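Shown next, in structure tokens, is the structure this report addresses.
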Number of protein chains: 2
Amino acid sequence: MSAPLAIGIAGLGTVGAETIRLLQAEAETLARRCGRVVDVRAVSARDRDRDRGIDLSSYRWYNAAPDLAAAGDIDVVVELIGGADGVALDVAETAIAAGKALVTANKALIAHHGTSLAERAERTGSALCFEAGVAAGIPVLKVLREGLVANRLGRVYGILNGTCNYILTEMERTGRGFDAVLREAQDKGYAEAEPDFDIDGVDAAHKLAILAGLAFGIRIDFAGVYTQGVRHVSAVDIGFARDLGFRIKLLGIARLTEHGLEQRVHPCMVRLDTPLAHVDGTFNAVVAEGPAIDRVVLEGLGAGAGPTASAVIADILDVARGVRTPAFSVPATDLAACSTAPMECHTGPYYVRLSVVDRPGVIADISAIFRDEKLSIESLIQRGRAPGEVVSVVLTTHDCEEAGMRRALTAVEKLAAVTESPVMIRIEHL
Amino acid sequence: MSAPLAIGIAGLGTVGAETIRLLQAEAETLARRCGRVVDVRAVSARDRDRDRGIDLSSYRWYNAAPDLAAAGDIDVVVELIGGADGVALDVAETAIAAGKALVTANKALIAHHGTSLAERAERTGSALCFEAGVAAGIPVLKVLREGLVANRLGRVYGILNGTCNYILTEMERTGRGFDAVLREAQDKGYAEAEPDFDIDGVDAAHKLAILAGLAFGIRIDFAGVYTQGVRHVSAVDIGFARDLGFRIKLLGIARLTEHGLEQRVHPCMVRLDTPLAHVDGTFNAVVAEGPAIDRVVLEGLGAGAGPTASAVIADILDVARGVRTPAFSVPATDLAACSTAPMECHTGPYYVRLSVVDRPGVIADISAIFRDEKLSIESLIQRGRAPGEVVSVVLTTHDCEEAGMRRALTAVEKLAAVTESPVMIRIEHL
């Protein structure tokens, strides 16, 4: 056996506690697997007295996490504090400056500072590991970086937020509205008390930016992610989607296009016969596409103490085993800077739902606007018949450009017979 | 950049040719990703003159693959010859004896000799890599060995043969019988001219034995795999399965039980709401279950030149990058020997279809036999009503033991009203 690997853990929330519990419970197995003892030496958290259900008595305690990161006898600093800046960034920079390995579950930190941290880590010889930051229990970063290393990936996309997927799944299953299902998700612990980061798509955007950086060998560009959450998805649209052979999923999609790097997070209609259509509840899934492999789909739990601790420990064991690959597949100094493909250039089919007064000529007016913007209508269905009353008109298009679609919707909204803002949901070719 | 990595490739079928084509086409990208040039130096095959659509002129040619494996200037020997013994084994043993890395796509070789090859490789310091041998394009071995290293896996199972999955998918989609669909699969290149290895489940059993060895840290026991193929699956049963909310899939399932190691490959009924129910055509999928992760599902193409070459090159790049983990997760000398759990001890629900003459008392006779064997019937449906004629009786059971089920079926078959051997298909709790 090699010398023990000395670990310091900063942040003792549910993930930190589960990481320690697993390291204790599986100590012998893990040592056999990596050929050395994984030795937790020090921990740090805000509240020393809280009962976390684990025995911390044999670990050195630090009130200040950066002091733990600087401690001379620690080989691997595990950052489980969270937040893009502040203490978490301080801990990361301190560990890397000291040439220690940094293992983190912090997607915000990596989405904002991943490229520069990787550059620093290469200079100091540190390992920078963040498998737990994207899709937790699914080892997707290792798969992209190592398992699919032979591939020039064309597109990477997935269901990257379990809270949103749970809400959409429950809305479809029960027919209930967004607010009721969100409250239930909060009661069950599937949504945070402050759910905005999840339901507005920011969490998924963090993960997508990291995936894109790794998949395409580019500098992370979180600011370039077009982001729209699930707050405005209605039970009505979920029902119409089903009638049309689709389900609505919040996807993150990244692709290199002729216009630049496309990164977008928004509700999508996906066909029932595609793999992601059947990924339900709190499960996440990531799809990588390339010419040699066609596609590889990875599905698992993208959040929670167990799945996240599993990924944190996998990173620790990579360090223990000496498994070292560039954080973003190529050296950080080789990462290319990509311009952002404007969302207006996006091309694809669209679903549009209009609330219109049921009277002669309305469909003709709408059709004329779509024709003038060169938007080819694939299907147009008026739901119900109620002369003089408001009815739904649902239409789907063939591939068309977002810029024209936006202009058409602005024009349609101005029609006297149209009583509400049009609902537009992009249909994805998967 | 480090020194170039010298590669010798033995076997130039479709996988060998695609591996070389990709290494040539992506040479620069791969060098950036692994920090050194991947330099093919030598090749070997039976027929030097065949046109493989690639330029081999700059590579040294060997008529005898073991000579290539022994060549002093080769760092990595890539064995793509196939077969559990003979030349492939000779090449593997020669490479390992010389301390070279061995990369192989040969599942038969590893299923039969994997443990002893791993022991030899550890003695000589060789890397032993066989990602391409299981589910080709899906990097499942890396995921089990590294990505999920923190987990004590409870069960590993999957759709491990694309030919069988294609046949079952097409039988269900078209309602046609096994023989017609097999012929079509052969015409399309999805089934071999000599399809027995695939359709009788042997290929899936090879892969399952390798997965089980790695997942549970045990010596590979290919002989202990209970194996039954898809030859006897009928369109009738596929239809009844669908009526009952199931699909029929050929699964490989491995689990450590109180009776020993359970390894079985056979047609299974899986519920429509489980992930594997939607893995269609030539796709493969593997599911790993453990307490921390719940489950991780990996789906992709399990055969074909592109997916297999992708895995071969991933193994080569692991060697280039110095990524080295024990072939079966722990050192080969630590692998435990497990006894085989007898199939008679298998417990689960069952689907049974009987062909019986429609007359009073038959159902009572069948029910009595099941009752006497303590087999709890969940549903029993006579399909059609045709007094005096032969009709189908379909029944499903709650969990019961295979030994009792087999005795019951033997007894049922002896009833005068039963006109054919009963059909039994196991229902899987997934």
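The values are calculated or read from the model by the stated rules, or taken from the named source; none is laboratory data. Every value quoted in this text rests on a predicted model; they were computed, and no experiment measured them. Because the Cβ atoms are built from the backbone with ideal geometry, glycine has one as well, and the counts that use them run over all protein chains shown.
Tabulated values for the structure
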| item | result |
| --- | --- |
| In segment A:352-372, residue surrounded by the fewest Cβ atoms within 10 Å (Cβ to Cβ) [restricted to those that are closer than 10 Å to residue A:422 by Cβ and in contact with a Pro (Cβ under 6 Å, 6 or more places away or on another chain)] | A:352 |
| Of all residues in segment B:397-415 being farther than 14 Å from residue B:374 by Cα and touching a residue at least 40 places away in the same chain (Cβ under 8 Å), the one that is farthest from the chain's Cα centre (by Cα) | B:415 |
| Residues located in segment A:220-257, provided they are surrounded by fewer than 23 Cβ atoms within 10 Å (Cβ to Cβ), outside any loop (DSSP other than H, G, I, E, B) and basic (Lys, Arg) | A:242, A:247, A:255 |
| Residues that are among the small types (Gly, Ala, Ser) and closer than 25 Å to residue B:244 by Cα, drawn from segment B:142-179 | B:158, B:162, B:175, B:177 |
| Flag for residue B:286 being within 8 Å of chain A (Cβ to nearest Cβ), part of a strand (DSSP E or B), modelled with pLDDT of 95 or more and closer than 15 Å to residue B:140 by Cα | no |
| Selection within segment B:76-100 - part of a strand (DSSP E or B) and not acidic (Asp, Glu) | B:76, B:77, B:78 |
| Considering residues of segment A:374-394 that are within 16 Å of residue A:239 (Cβ to Cβ) and in contact with a helix residue (DSSP H, G or I) (Cβ under 8 Å, 6 or more places away or on another chain) only, the residue surrounded by the most Cβ atoms within 10 Å (Cβ to Cβ) | A:393 |
| Some residue of segment B:163-172 being within 14 Å of chain A (Cβ to nearest Cβ) and aliphatic (A, V, I, L, M) | no |
| Failed item in (1) within 14 Å of chain B (Cβ to nearest Cβ); (2) assigned to a helix (DSSP H, G or I), with residue A:406 passing the rest | (1) |
| Test set (1) of a type in the set (A, V, I, L, M); (2) part of a helix (DSSP H, G or I); (3) over 17 Å from the mean Cα position of the chain (by Cα); (4) within 14 Å of chain B (Cβ to nearest Cβ) - residue A:153 fails condition number | (2) |
| Single residue of segment A:52-66 satisfying the filter (assigned to a loop (DSSP other than H, G, I, E, B) and hydroxyl-bearing (Ser, Thr, Tyr)) that is surrounded by the most Cβ atoms within 10 Å (Cβ to Cβ) | A:59 |
| Which numbered condition residue A:334 misses (of (1) touching a helix residue (DSSP H, G or I) at 6+ places or on another chain (Cβ under 7 Å); (2) buried (at least 23 other Cβ atoms within 10 Å of the Cβ); (3) within 7 Å of chain B (Cβ to nearest Cβ)) | (2) |
| Count - residues of segment A:188-219 that are crowded, with 24+ Cβ neighbours inside 10 Å and assigned to a loop (DSSP other than H, G, I, E, B) | 1 |
| Some residue of segment B:230-253 being facing another protein chain (nearest Cβ under 10 Å) and out of contact with any Cys (no Cβ under 8 Å at 6 or more places or on another chain) | no |
| Boolean, residue A:280 is closer than 30 Å to residue B:272 by Cβ, outside any strand (DSSP E or B) and at pLDDT 95 or above | yes |
| Output for segment B:258-275, where each listed residue is touching an Asp or Glu at 6+ places or on another chain (Cβ under 9 Å) and either in the same structural domain as residue B:103 (by TED's automatic domain parsing) or not in a strand (DSSP E or B) (or both) | B:273, B:274, B:275 |
| Scope segment A:26-51; condition outside any strand (DSSP E or B) and either exposed (fewer than 14 other Cβ atoms within 10 Å of the Cβ) or more than 11 Å from chain B (Cβ to nearest Cβ) (or both); matching residues | A:27, A:28, A:36, A:37, A:45, A:46, A:47, A:48, A:49, A:50, A:51 |
| Check on residue A:386, on the phi < 0 side of the Ramachandran plot and in contact with a His (Cβ under 6 Å, 6 or more places away or on another chain) | no |
| Segment B:101-125 - residue that is in a loop (DSSP other than H, G, I, E, B) and buried (at least 24 other Cβ atoms within 10 Å of the Cβ) and, of those, farthest from the other protein chains (Cβ to nearest Cβ) | B:106 |
| In segment B:135-150, the residues that are of a type in the set (A, V, I, L, M, F, W, C), over 14 Å from the mean Cα position of the chain (by Cα) and within 7 Å of chain A (Cβ to nearest Cβ) | B:143, B:148, B:149, B:150 |
| Cβ pairs under 9 Å, 6+ apart, first in segment A:254-282 and within 14 Å of another protein chain (Cβ to nearest Cβ), second surrounded by 23 or more Cβ atoms within 10 Å (Cβ to Cβ) and among the polar types (S, T, N, Q) | A:279/A:165; A:280/A:165; A:281/A:165; A:282/A:163; A:282/A:165 |
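The rows are residues; the columns are (1) farther than 30 Å from residue B:81 by Cα; (2) away from chain A (no Cβ under 14 Å); (3) not in a loop (DSSP other than H, G, I, E, B).
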position	(1), (2), (3)
B:300	no, no, yes
B:308	no, no, yes
B:318	no, no, yes
B:323	no, no, no
B:351	yes, yes, yes
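Yes/no per residue for (1) of a type in the set (Phe, Trp, Tyr); (2) over 27 Å from residue B:206 (Cα atoms); (3) within 14 Å of another protein chain (Cβ to nearest Cβ):
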{"site": "B:14", "(1), (2), (3)": "no, no, yes"}
{"site": "B:63", "(1), (2), (3)": "no, yes, no"}
{"site": "B:81", "(1), (2), (3)": "no, no, no"}
{"site": "B:97", "(1), (2), (3)": "no, no, no"}
